[in-house]
Amino acid sequence: MIQSTAIHRRRQVLVVEDQELNRDILGMILEDDYDVLYAENGAEGVACMREHRETLSIVLLDLMMPVMNGFEVLELVREDEELRHIPIIVLTAEKKAELKALQLGAADFITKPFDMHEIILARVGRIIELSEGRRLISAAERDPLTGLYNRGFFFEYADQIRRYYRDLRMDAVVINIERFHSVNDFNGREFGDRILRRLGEEIRGCLAGTEGIACRAEADQFFLFCQCTDYRAMLDRFQQSVNEFSKRVAIRLRMGVCFGTGDRTPGMLFDRARTACNMVRGSYKGHLMIYDEEMHERELYSQRLLNDLGQAIEERQFAVYYQPKYDIQCHPPRLNSAEALVRWKHPELGLVSPGDFIPLFEKNGLIHVVDNYVWGEAASQIAEWRSKYGFTLPLSVNLSRMEVFDPTLERTLLQLLEQYKISSKDFKLEVTESAYTDDAEQLVAVIGQLREYGFEIEMDDFGSGYSSLNTISSLPIDVLKMDMKFIQNVEENSKNFRLIELILDIAGYLGVPVVAEGVQTSTQMQLLQNAGCEYVQGFYFSRPLPAEEFEKLIIKEIEAAKERKS
Amino acid sequence: MTLQELYQIIDGNYDHAVQIMRMEKLVARYISRFPKSGVNEALQEAGRSMDPARMFETAHAMKGVCANMGFDKLSAAAGEICEEFRPGNARSISDDEIRAKLAEVDAMYRRTVEGINAYEQQ
């Protein structure tokens, strides 16, 4: 434990008493335990308080004094911001005076004559302790930057409001600043702090005269426990205030609201309001989100999936399906490779859509758990089919953006190749186009390294991201996988067909083949074949299949090859 | 003369004085300063003008100082004058009666001071 002499120092006491003998007797009582200062009248006492305001622990104040009496001192101190924190004990023998002094803010009183030393010392000690405790609480209660409550005190007070004022239906409001860390990075922490202070002031102003309370919960996150009929107007007010303050730098606020109900604790309300606020992230619809039950159910579902992931891996609830890719420039088209796709057969929730769990695990930094599982299964499958059919079918697996930046990625992949004795060219890696948009330089370096080991890189969902023609030419890729949206409407819309032709031209320029995803009909298939697209993946050939069903396609391919030979 | 004997002579409360100052030595030290405290002189001076505020202040001061010295009777006598002039209290005795009380207080004070001086000089 840190021991500070400053904390255990002797406390300083001021005795304000006009009678020298009384003053000295009181000093005699106190001096063993305290450093004692003296003043002969109220005016001298106030001057001494001002001079020692940082170190003075308590004042013992006589009431009847020349120049300025004790009551006048109490009145003056009560109104003085600098002095009001110093507790005052009055010295009196009059009951009426005791009451008046207490009403004027005296902390306690000591009766004359000073014959009960222990009582005097006990009172002085207790009042100092109370006062220091109150100052500590007061310091801890407020966020020094904004003057709003700190999180802990805020929840304590919010809980008290809920407990003692049940008829007040208070709502939970969470406000934060979009990309606040970037605001700080680009403009400096001081600028960021000024924005937070401004927002804090505006919140205080907004809640003044109401039952509402507010805190800065963390960094740029503000919590309000309040009643309001128009949260849109409230957000607009805060936004306008911040805009006026920051004309040069665009600051965007987000707000999430959960309406209060009698049965939910403030903690529960704020969890929901924060969820609503997080839903605003990346939304172009607006910056205010009101929490609803659908959101709650979605949140519970997500949490359930996150909780169950570990057990799902242990119990092998994830199944890997394979969807074939066919070379359509051959006649008839030939099975070329397949993409490994994960399915979650949850024992209680049934089949969980990859659309539900993949983005969730990506967002929570857990996707590598699933991907590592899929990579292992796919590598093992390549080896199994090779051994069973003497035929190596290359498989592609997905590589998330997060994994690209994992320093152990190369080692993990090379270990898999080693374990199953497979070649890197048969283990293709699919990276989405959007992954290339941020930190492209580092990503290109990692991908370049993987290609040197012989891995083929397929750019997934090409056309759904924002690659410019300029950057695409410098990206290290081996295959373009055309986003399925281009194919889906190609029969109705000739513009889409033109876009497909453009993508094929780009791929031709880059010297890489194209895989068209989501092909379902023979018309789509024909159009792509005629346009020169090399490979097709989609329901036209097959939906994603479990390994044992997929084997039928392999057998069929082997038989077709035999026929071609004969 | 012992300190206890001094308190008997001046009609003070020795036990109370020791209770306040805890040690006989300290009682002796503080009472030796009593003659120079000026509390009686201020009260007698106020009595000449009979200014009520001044009467209250000086009587109040004398009552408090004497109480802390263990001069309980002197303190009580000053206290009577103090209450007579306490703001808000109705006067119950005449100025002449006050003057008589002031003379009484003055006599008690002088006897106390003489006793203290005698104790000091031995």
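The values are calculated or read from the model by the stated rules, or taken from the named source; none is laboratory data. Quick caveat, the model's predicted, so the values are computed rather than measured. Cβ coordinates were reconstructed from backbone atoms using ideal geometry, including for glycine residues, and neighbour counts include every protein chain displayed.
Summary of values
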quantity	calculated
Those residues of region B:19-31 which are more than 8 Å from chain A (Cβ to nearest Cβ) and in contact with an Asp or Glu (Cβ under 6 Å, 6 or more places away or on another chain), in sequence order	none
Extreme residue, nearest to residue A:216 (Cα to Cα), among residues of region A:139-189 that are among the polar types (S, T, N, Q) and within 19 Å of the chain's Cα centre (by Cα)	A:150
Count of residues meeting criterion [of a type in the set (Asp, Glu) and out of contact with any strand residue (DSSP E or B) (no Cβ under 6 Å at 6 or more places or on another chain)] in region A:506-533	0
Out of B:69, B:50, B:23, sole residue that is touching a residue at least 40 places away in the same chain (Cβ under 8 Å), of a type in the set (A, V, I, L, M) and closer than 25 Å to residue A:27 by Cα	B:69
Subset tally (residues that are touching an Asp or Glu at 6+ places or on another chain (Cβ under 7 Å), of a type in the set (A, V, I, L, M) and surrounded by 14 or more Cβ atoms within 10 Å (Cβ to Cβ)) for region A:119-160	2
One residue from B:61, B:53, B:78 being buried (at least 16 other Cβ atoms within 10 Å of the Cβ) and either more than 10 Å from chain A (Cβ to nearest Cβ) or over 17 Å from residue A:66 (Cβ atoms) (or both)	B:78
Subset of region A:439-459 (residues that are part of a helix (DSSP H, G or I) and either touching a residue at least 24 places away in the same chain (Cβ under 8 Å) or under 28 Å from the mean Cα position of the chain (by Cα) (or both))	A:440, A:441, A:442, A:443, A:444, A:446, A:447, A:448, A:449, A:450, A:451
Failed condition for residue A:134, given (1) closer than 25 Å to residue A:10 by Cβ; (2) part of a helix (DSSP H, G or I); (3) within 14 Å of another protein chain (Cβ to nearest Cβ); (4) at pLDDT below 85	(3)
Residue match in region A:238-249 (condition: surrounded by 15 or more Cβ atoms within 10 Å (Cβ to Cβ), over 22 Å from the mean Cα position of the chain (by Cα), part of a helix (DSSP H, G or I) and hydroxyl-bearing (Ser, Thr, Tyr))	yes
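To keep it simple, each residue is scored yes or no on (1) modelled with pLDDT under 95; (2) more than 27 Å from residue A:115 (Cα to Cα); (3) in contact with a Ser or Thr (Cβ under 8 Å, 6 or more places away or on another chain).
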site: B:45; (1), (2), (3): no, yes, yes
site: B:55; (1), (2), (3): no, no, no
site: B:60; (1), (2), (3): yes, no, no
site: B:72; (1), (2), (3): yes, no, no
site: B:77; (1), (2), (3): no, no, no
site: B:83; (1), (2), (3): yes, no, no
site: B:89; (1), (2), (3): yes, yes, no
site: B:92; (1), (2), (3): yes, yes, no
site: B:106; (1), (2), (3): no, no, no
